[in-house]
Each structure stands twice: as C-alpha cells, then as structure tokens.
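Participant: First the structure, then my questions, so here it is.
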Amino acid sequence: MDSIEEKIKRVQAGEVYLFSDIIRLYQQRIYLYCFRLLNNKEEAEDAVQDIFIKAYQNIGHFESQVSFNSWLYRVSYNHCLNQLPEEISKSAAKITQTGCNH
C-alpha cells in the first residue's frame with residue numbers, strides 16, 4: 001500500500017484517479033474541522049467539496065517540504081475563514097497572525 005506521499009507524487013505524475021484515495025482518507029477529518037470552524041453542517045459539507053476541488057487543482061504546487069496533512073488543513077482553514085462573516089474572519093486572521101491559533 002502506498003504512503004500518502006507516494007500517492008501524491010503519483011497524482012502529480014498524472015495518475016489522477018488516485019486522488020479519490022486521498023479524499024477517502026481525509027474527507028471525514030476535513031469535514032469535522034470545517035464544522036468546528038463554521039458551526040454549520042451544510043456549510044461544512046459544501047466547504048469540504050470546495051476544499052478538495054482546490055486541493056486537486058493545486059496539487060501540482062504541493063511540495064513535500066511541508067506535510068500534506070498540514071498543507072490540506074491550511075487550505076481548509078483559509079477556505080473556511082473566507083466563508084465566515086467579515087467581522088469574524090478578521091478576528092480569526094488577527095489571532096492567527098499573532099501566533100495564538102488552535
């Protein structure tokens with residue numbers, strides 16, 4: 001069985017069907033993370049779909065100096081932050097910039 005890093009390299013090399021394995025591995029975790037940030041089931045479900053589309057579109061830019069897990073959670077955080085009302089997202093961004101994030 002391939003490691004996540006090996007699957008990502010293979011997806012980047014053109015074996016795009018392997019991206020479904022990545023989705024299966026991370027979908028529930030990303031949903032729970034989005035639900036925690038957005039506090040709304042439907043918005044979290046929509047966010048997960050959008051996040052995996054973004055991840056797929058940008059997987060060619062992923063470099064293994066950072067773990068895929070960290071990269072995907074950063075994509076998720078940024079996406080959810082953009083979904084929050086402006087006053088909440090500004091507060092969350094400020095907290096992240098000062099180093100007091102989760």
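FYI, it's all coordinate maths here, none of it is from the lab. Quantities reported herein were computed from a predicted structural model and do not represent experimental measurements. Cβ placement follows ideal geometry from the backbone for every residue including glycine, while neighbour counts extend to all protein chains displayed.
Participant: Whole percent per 10 Å bin, from 0 to the bin with the longest distance: what is P(r) over all C-alpha pairs of the stretch 1-82?
Facilitator: The calculated distribution, bin by bin, is 18, 53, 25, 4.
Participant: Tally Lys/Arg at +1 and Asp/Glu at -1 over every other residue whose Cβ is under 13 Å from the Cβ of Tyr73; what's the total?
Facilitator: Numbers: positive: Arg29, Arg36, Lys54, Arg74; negative: none.
Neighbourhood net charge equals +4.
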